[in-house]
Amino acid sequence: MPDPSNICGPEGYRLLYDLGRAFAECRKIDELVELVVERCREVFHAEGVSVLALDETAGELYFPWAVASDEKVAARLADLRFAADKGVAGAVLESGKAIFVADVASDPRWYSGIDEDSGLATHSILAAPLVSHRGNVGVLEVINPTFDGGGGEDTEVDESLLFLESLAGSVAVALENAGFVEALQASERSLRTRADQLQRDIARRDRFLTIAGNSRAMQSLFDEMETVAASPITVLIQGETGTGKELVARAIHNEGERADGPFLAVNCSAFPETLLESQLFGHARGSFTGADRDKAGLFEAAAGGTLFLDEVGEMPAAMQPKLLRVLQEGEILRVGDTKPRDVDVRVLAATNRDLKHEVDEGRFREDLYYRLAVFPLTTPPLRERREDIPLIVATLLERVSERHGKKTAGLADEVMQALVAAEWEGNVRELENEIERAVALTPAGETVTLARLSARVTGRDASAAGAGAGAATRAVAGGAAVSLPLREARRAFEMDYVARVLQRNNDNVTRAAEDMGISRVALQKKLKDFGLR
């Protein structure tokens with residue numbers, strides 16, 4: 001155990017004195033907690049100290065404040081989350097009591113995922129709950145405190161736990177007095193990109209099989225993917241909307257040397273210039289209103305892995321030279337910072353535009369184009385690989401049925417014929433939307449018939465296609481929807497309408513939301529609810 005003379009003697013008293021002064025001076029919450037964790041690490045002679053906060057909505061613990069002997073470990077911890085019932089921290093949170101674990105490897109409560117993701121090597125843990133009037137809101141954790149090796153080990157354990165528990169109580173009060181709720185919300189927003197990215201990653205893994213195919217076009221693409229996966233070369237993936245460009249990028253990452261590293265994606269059209277720069281490169285505290293702490297961008301978060309730049313052709317002109325610098329120099333500059341930071345990231349990019357034409361028209365930098373398009377790949381449209389449609393449909397039908405919790409009796413033969421013959425302007429994404437719609441309209445246990453397909457596929461009521469009234473007509477075509485409860489019929493119509501407006505706007509959520517007369521946030525929620533993202 002740590003020497004109790006350090007804890008209950010001069011070093012411990014000094015820490016409590018410094019903390020008391022910080023309270024009296026109304027120091028900013030970040031500065032206060034940073035002081036606590038740094039001084040606590042010194043007192044316990046530990047490898048690391050963290051304050052873990054509870055995200056009650058997500059049921060997760062995360063690391064808004066952490067210090068470690070290795071700065072890279074501390075930086076990685078800032079990006080991590082885990083279920084609030086896992087590990088020693090989860091046990092402390094549940095019991096509300098401080099715990100010492102001398103050998104984590106032999107403790108059944110131990111959760112090794114954080115060590116695996118951060119690079120930390122945890123041997124022992126001291127942990128105490130952060131108790132406020134709202135209950136247990138987090139955990140103060142000390143990693144690998146130095147062992148004294150002297151006698152009276154039980155006494156040392158008790159002294160250390162008592163000290164840490166007292167310190168945790170003071171921290172909890174300080175956090176609450178300084179606006180703990182606001183601090184948690186700010187920290188949650190700073191991590192939201194990473195959390196949302198992980199959720200989208202799970203969904204994308206579920207859809208990975210949609211890029212499978214036996215057609216000559218796909219076999220040629222697979223050969224090229226295999227070639228570039230074994231190389232660190234920059235790849236530009238070109239293709240129409242809905243052809244699976246991001247799935248191709250993920251496959252290249254998974255088959256390459258960086259497969260154990262993170263795969264992060266950003267849609268370059270989804271952010272205005274200032275937000276995109278902060279999203280990619282991060283920002284320094286005080287660089288703009290609301291920047292109350294340093295924040296790493298996606299280039300740093302993707303260290304050792306791959307960053308996928310989707311819709312790179314939509315990148316604002318002012319951002320293009322900054323991206324070029326990263327590709328040329330391997331370093332980024334956070335917004336508001338003066339010190340460049342080295343980054344080790346493979347960049348894959350995608351576009352549905354003809355970037356060479358954009359260069360000729362002066363809308364895209366030529367030097368950046370040639371940096372990105374070192375090895376161009378093209379994802380074939382669905383109309384050029386119709387023989388793959390039955391395989392894709394089978395995969396999609398299974399996954400959509402599982403998502404809806406509804407098992408159908410399969411597709412009628414004429415349905416498959418119609419799907420193979422259709423002109424899929426939206427490609428695989430449009431095909432998936434069609435399967436989703438058909439499953440929603442088909443009662444459980446029944447066969448999907450032509451009546452459950454949209455007019456765009458079957459040719460019925462073609463003159464009404466694309467309009468809101470036409471969508472409603474198609475939703476009840478052939479009596480399909482009238483056999484459903486009102487709620488399901490309304491959902492089928494709305495899903496069909498949203499999918500088509502989104503397709504008409506080339507999957508640009510902002511423009512689609514404007515067309516619908518709703519907010520971008522509201523549309524994002526609908527896309528998530530309908531499984532369209």
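FYI, it's all coordinate maths here, none of it is from the lab. All of these numbers come straight from a predicted model, not from anything done at the bench. All Cβ positions, even for glycine, are placed from backbone atoms using ideal geometry, and neighbour counts span all protein chains on display.
Here are the numbers for this structure:
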| read-out | value |
| --- | --- |
| Phi to ³J(HN,Hα) by Karplus 6.51 cos²θ - 1.76 cosθ + 1.60 over the range 81-86, Hz, x for Gly, Pro | 9, 7, 4, 5, 9, 9 |
| For the range 64-75, Karplus couplings with θ = phi - 60° (6.51, -1.76, 1.60), whole Hz, Gly/Pro x | x, 9, 7, 10, 8, 4, 9, 4, 5, 5, 4, 5 |
| Note, ³J(HN,Hα) from phi for the range 269-281, Karplus 6.51, -1.76, 1.60, rounded to Hz, x at Gly and Pro | 8, 8, 10, x, 3, 5, 6, 5, 4, 5, 4, 7, 9 |
| Cross-link pairs LYS72/LYS339; LYS406/LYS528; LYS295/LYS322; LYS72/LYS295; LYS295/LYS526; LYS245/LYS356 - those with Cα-Cα distance over 20 Å | LYS295/LYS526 |
| Pairwise FRET efficiency - ALA394 versus VAL374, Cβ, R0 = 30 Å, nearest 0.05 | 0.25 |
| Fully extended contour minus Cα-Cα distance, from ASP337 to ARG325, at 0.36 nm per residue | 2.7 nm |
| Inter-centroid distance (Cα atoms) of the range 289-304 relative to the range 353-411, Å | 30 |
| Among 71-84, 333-346, the order from most to least packed when residues are scored by Cβ within 10 Å on average | 71-84, 333-346 |
